[in-house]
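Step one of this worksheet: look at the structure below.
The values are calculated or read from the model by the stated rules, or taken from the named source; none is laboratory data. This one's a predicted model, so the numbers in the text were calculated from it and none came from an experiment. Cβ: placed from backbone, ideal geometry, glycine included. Neighbour counts: every protein chain shown.
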Amino acid sequence: MHSPTTDPLGLPWLLPAPDDVRGQVRALAGSAEAIAAQALTGLAGHALDLDQLTSVAKLLDKGRSRIEAGTLTPLKLALLLDGTADHLAPAIRGSGLRHGLLIDCWVAPYGQALAEATRPGSDLSASGAQMALVASDFRSLGLGRPHVDAGAAEDAVAGALARIEAIVGGLAGLKITPVLATVPVPAGSWMGSFDALAPGSPAAMVAAFNVRLAALAQARGALLFDAARVAALAGHGRWFDDGLWNRSKIPFALDAVPLWADHVARLLGAARGKARKCLVLDLDNTLWGGIIGDDGLEGIKLGQGSSDGEAHLAVQAMALDLKARGVVLAVVSKNEEAAARLPFQKHPEMLLREADIAVFIANWNDKATNIAHVATTLNIGVDALLFLDDNPAERARVRQMLPQVAVPEVPADPSLYPMMVMGSGWFDAVALSDDDLKRAEQYRANAERSVALQQIGDYDDYLASLDMACELSRFDAIGRARIAQLINKSNQFNLTTRRYTEAEVAVAEADDQVFDLQVRLVDRFGDNGMISVVIAKAAGDEWLIDTWLMSCRVLGRRVEEAVLASLVQGARGAGAVRLVGEWLPSPKNAMVERHYEKLGFKAAGALEGGGTRWVLELADHVQPKLPMALSGDRSFAA
Amino acid sequence: MDETQVLAKFRDVFADVMDIDDPEIGMESTAKDFEEWDSLSNIRLVVAVERAFGTRFSNADIEGFSCVGDLVRALVARAG
């Protein structure tokens, strides 16, 4: 059984459909205002079922005069299908939005595909269609019954192909580009495995037909739509529904229609230049397991011997395979640049090297800003990018700020990343040219020039949309092990890099001269767990911040400000007048060099042996208004 | 589930498939009562009902349904 998160029929690389798709469609249909392309693509960017796709297609009709096509390319498509096809047109139209197309369909009446293509003055000839999808069913092609005689089998296959050739000939006369669909191999058995060796078995005849169809497509300048592969992806057992065929001549299961339609749409999109050109990769927990800044070269998981290590290797192999066919690779990571580049330079198991990456951005900026920068540097649109990141909050941020970027959903298991990226079809191609093979190198050369970075979008709105809940609490027995783990593991956002054992943590917990703080953060994507630890020591009217660390995963969420407010409240309550902080440099904590300055502390000189000292007069601190709910026994009155 | 419960659940499925908010549908309703309910949407309706109720109808079953009540009673009988 497929789990719901990986079943291809559910289009798992897309966000799950919202509950009120019909309501959203209704709101757009009922309003008198213009319908922005982005409203349509936003809706279609979800994993819609057949009913929902049908509903979106209705909107395309009702709201037609109000649609601002924008970047959507109009396409008139004829459907020349065997069996009942009327339910497939709306599915293709809805899915087309996902791949940059505003499709109108003309559907040949039942059983009339050949006549429409070849009869002078047919409705098809007047339809204005630019492309025609010719999709056959093995039963209609006369390949459903076996032949004992090999000659009869050959005649059956040749006859089926002659029918397609006649349609292609007719379409050529009408100046309509044919899109020829291969035929899903029937699931039913005649003689079991021997079917593969018996030329007259339906399975062998259909397989032979498909090979010759591909050659025909190539010879006649038609596009090939590999429907047989889509059926195989779905599983033939679920693809075919004999009851539906008998009842209504519906050629395959309705549950499989969204997957089929998306594959049609991605092919047509690729033919119209809508495929993505650049893969933008996150690093930590995407290209390798772990955090390079914290875990170091030896600590990250990559390579043979561990399941996660092999999974991340497979992600790299996928990226290289894409590069080989002309997809440009870029890196956008929240990291110190030197640390981020280290595995590319030094890790023996890395498949990707620096020379493979056209644009390499590692800093602590917001990722949407950095991704926009990748597009500017490469001089391509953001709608040519696909962004792969394991972190759902980063994905949401990028979707929100740059809705044109393709951002596949990925499950927690990195083994499934390649399936989600490649399964999405955003990199599908209709040809492979010499230019494609050279492209990665060309873009890398272009990217050498630097382009000024610009912050995009309203960051506060984004933070508000995360529905963050921050819990600020004293150390306790339950948190102790995790507190000690963070104290001993955090390297980057760690002001002093002092390491304490679990026993020492317990001592601090019991000492009433010590202010201890553990911080947890939940957002709408889930529980981030404990993400920050602070230890401060009272010394007269000064409090010295001994330890302040935080997980880089929640960087830029304003958690630091919440922590400071909690510290200030604690210090005031104890009668202190100022906070004193220190930054002790380590090979990995350059990112927090200006931490205290950013929070309003004043520089108070250098420390002996390196580092800086910072002071905040409590009277100067102003309580910030933070985009998060606060709780815990060290929370403060906002 | 009794007839009332099955009918209520059927109404939700019907609303989604036909794209109608709060359809006025009862045991006596037939395809003639709704413009949206044509032969094509009927196919989607049957498949959606089969999925929602975790059952499968034969072609003979389907041909025997002349109104919503026939379908609802068949679903109640199957639910046991």
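Being within 13 Å of A:Ala393 (Cβ to Cβ) and not β-branched (Val, Ile, Thr) is not true of A:Arg572. Within the range B:29-64, being part of a loop (DSSP other than H, G, I, E, B) and at the interface with chain A (Cβ under 9 Å from one of its Cβ atoms) holds for B:Arg56, B:Phe57, B:Ser58.
For the range A:162-200, give me each residue that is hydrophobic (A, V, I, L, M, F, W, C), part of a helix (DSSP H, G or I) and within 16 Å of A:Leu133 (Cβ to Cβ).
Hits for the range A:162-200 are A:Ile164, A:Ile167, A:Val168, A:Leu171, A:Ala172.
Hey, among the residues in the range A:236-258 that are under 18 Å from A:Leu77 (Cβ atoms) and touching a Leu at 6+ places or on another chain (Cβ under 7 Å), which one's nearest to the other protein chains (Cβ to nearest Cβ)? So, considering only residues that are under 18 Å from A:Leu77 (Cβ atoms) and touching a Leu at 6+ places or on another chain (Cβ under 7 Å), the one nearest to the other protein chains (Cβ to nearest Cβ) is A:Val257. When the range A:412-424 is limited to residues that are in contact (Cβ under 8 Å) with a residue 40 or more places away in the chain and surrounded by fewer than 17 Cβ atoms within 10 Å (Cβ to Cβ), the one that is farthest from A:Gly303 (Cα to Cα) turns out to be A:Met422.
Evaluated against (1) of a type in the set (Gly, Ala, Ser); (2) at negative phi; (3) under 31 Å from the mean Cα position of the chain (by Cα), A:Gly100 falls short on exactly one condition, (2).
Mind telling me which of the residues A:Leu75, A:Leu48, A:Leu14 ends up being crowded, with 23+ Cβ neighbours inside 10 Å, more than 19 Å from A:Ala227 (Cα to Cα) and at pLDDT 90 or above? Going through A:Leu75, A:Leu48, A:Leu14 in turn, the sole match is A:Leu48. Considering the range A:220-235, and only residues there that are of a type in the set (A, V, I, L, M, F, W, C) and over 20 Å from A:Leu80 (Cα atoms), the residue that is nearest to the other protein chains (Cβ to nearest Cβ) turns out to be A:Ala234.
Within the group A:Ala536, A:Ala574, which residue is over 23 Å from A:Asn491 (Cα atoms) and touching a residue at least 12 places away in the same chain (Cβ under 8 Å)?
Testing whether each residue is over 23 Å from A:Asn491 (Cα atoms) and touching a residue at least 12 places away in the same chain (Cβ under 8 Å) leaves just A:Ala574.
If you go through the range B:1-45 and keep only what is small (Gly, Ala, Ser) and more than 26 Å from A:Ala27 (Cβ to Cβ), you end up with B:Gly26, B:Ser29, B:Ala31, B:Ser39. With a requirement of 1 or more residues that are crowded, with 23+ Cβ neighbours inside 10 Å, the helices (runs of 4 or more DSSP H) lying completely within the range A:201-271 that satisfy it span A:202-219, A:227-234, A:236-239, A:257-271. Restricting attention to the range A:517-543, the residues being closer than 18 Å to A:Val580 by Cα, out of contact with any Phe, Trp or Tyr (no Cβ under 6 Å at 6 or more places or on another chain) and surrounded by 16 or more Cβ atoms within 10 Å (Cβ to Cβ) number 6. For A:Leu124, the conditions (1) over 30 Å from A:Val168 (Cβ atoms); (2) in contact with a helix residue (DSSP H, G or I) (Cβ under 7 Å, 6 or more places away or on another chain) are fulfilled apart from (1).
For the range A:133-142, the criterion of a residue being among the hydrophobic types (A, V, I, L, M, F, W, C), under 30 Å from A:Thr73 (Cβ atoms) and touching a Pro at 6+ places or on another chain (Cβ under 7 Å) is satisfied by at least one position.
Do we have A:Arg272 as touching a Leu at 6+ places or on another chain (Cβ under 7 Å), of a type in the set (Lys, Arg), closer than 29 Å to A:Met419 by Cα and away from chain B (no Cβ under 14 Å) here?
yes
Those helices (runs of 4 or more DSSP H) of the range A:1-66 in which 1 or more residues are within 12 Å of another protein chain (Cβ to nearest Cβ) occupy A:21-30, A:50-62. For the range A:26-58, the candidate set comprises residues that are more than 24 Å from the chain's Cα centre (by Cα) and among the aliphatic types (A, V, I, L, M); within that set, the residue that is nearest to A:Gly94 (Cα to Cα) is A:Ala57.
From the list B:Asp21, B:Asp2, B:Asp33, the lone residue that is surrounded by fewer than 19 Cβ atoms within 10 Å (Cβ to Cβ), farther than 26 Å from A:Ala253 by Cβ, modelled with pLDDT under 90 and of a type in the set (D, E, K, R) is B:Asp21. For the range A:570-585, the criterion of being acidic (Asp, Glu) and assigned to a helix (DSSP H, G or I) is met by no residue. Taken over the range A:67-97, the criterion of being closer than 22 Å to A:Ser122 by Cβ and either without any contact (Cβ under 8 Å) to a residue 12 or more places away in the chain or not in a helix (DSSP H, G or I) (or both) is satisfied by A:Leu75, A:Lys76, A:Leu77, A:Ala78, A:Leu79, A:Leu80, A:Leu81, A:Asp82, A:Gly83, A:Thr84, A:Ala85, A:Asp86.
Within the range B:5-17, can you find the residues that are more than 11 Å from the chain's Cα centre (by Cα) and crowded, with 17+ Cβ neighbours inside 10 Å? Correct list: B:Asp16 only. Evaluation of B:Val68 against the conditions (1) within 21 Å of A:Val25 (Cα to Cα); (2) more than 10 Å from chain A (Cβ to nearest Cβ) shows that the sole unmet condition is (1).
When A:Thr6 is tested against the conditions (1) assigned by TED's automatic domain parsing to the domain that holds A:Lys249; (2) under 21 Å from A:Arg395 (Cα atoms); (3) polar (S, T, N, Q), the lone failure is (1).
The listed residues are A:Val580, A:Val514, and the only one of them that is of a type in the set (Val, Ile, Thr), surrounded by 15 or more Cβ atoms within 10 Å (Cβ to Cβ), over 33 Å from the mean Cα position of the chain (by Cα) and within 15 Å of A:Arg474 (Cα to Cα) turns out to be A:Val514.
Can you name the residue in the range A:489-510 that is free of Cβ contacts under 8 Å to residues at least 24 places away in the same chain and surrounded by 13 or more Cβ atoms within 10 Å (Cβ to Cβ) and is also nearest to the chain's Cα centre (by Cα) among such residues?
Result: A:Arg499.
Within the range A:484-534, being assigned to a helix (DSSP H, G or I) and under 13 Å from A:Trp548 (Cβ atoms) holds for A:Leu486, A:Ile487.
Would you confirm whether or not the range A:596-607 contains a residue that is in contact with a Pro (Cβ under 8 Å, 6 or more places away or on another chain), free of Cβ contacts under 8 Å to residues at least 60 places away in the same chain and assigned to a loop (DSSP other than H, G, I, E, B)? Within the range A:596-607, not a single residue is in contact with a Pro (Cβ under 8 Å, 6 or more places away or on another chain), free of Cβ contacts under 8 Å to residues at least 60 places away in the same chain and assigned to a loop (DSSP other than H, G, I, E, B).
Only residues that are over 44 Å from the mean Cα position of the chain (by Cα) and loosely packed, with under 13 Cβ neighbours inside 10 Å: list them for the range A:583-619, please.
A:Gly605, A:Ala606, A:Glu608, A:Gly609, A:Glu617, A:Ala619
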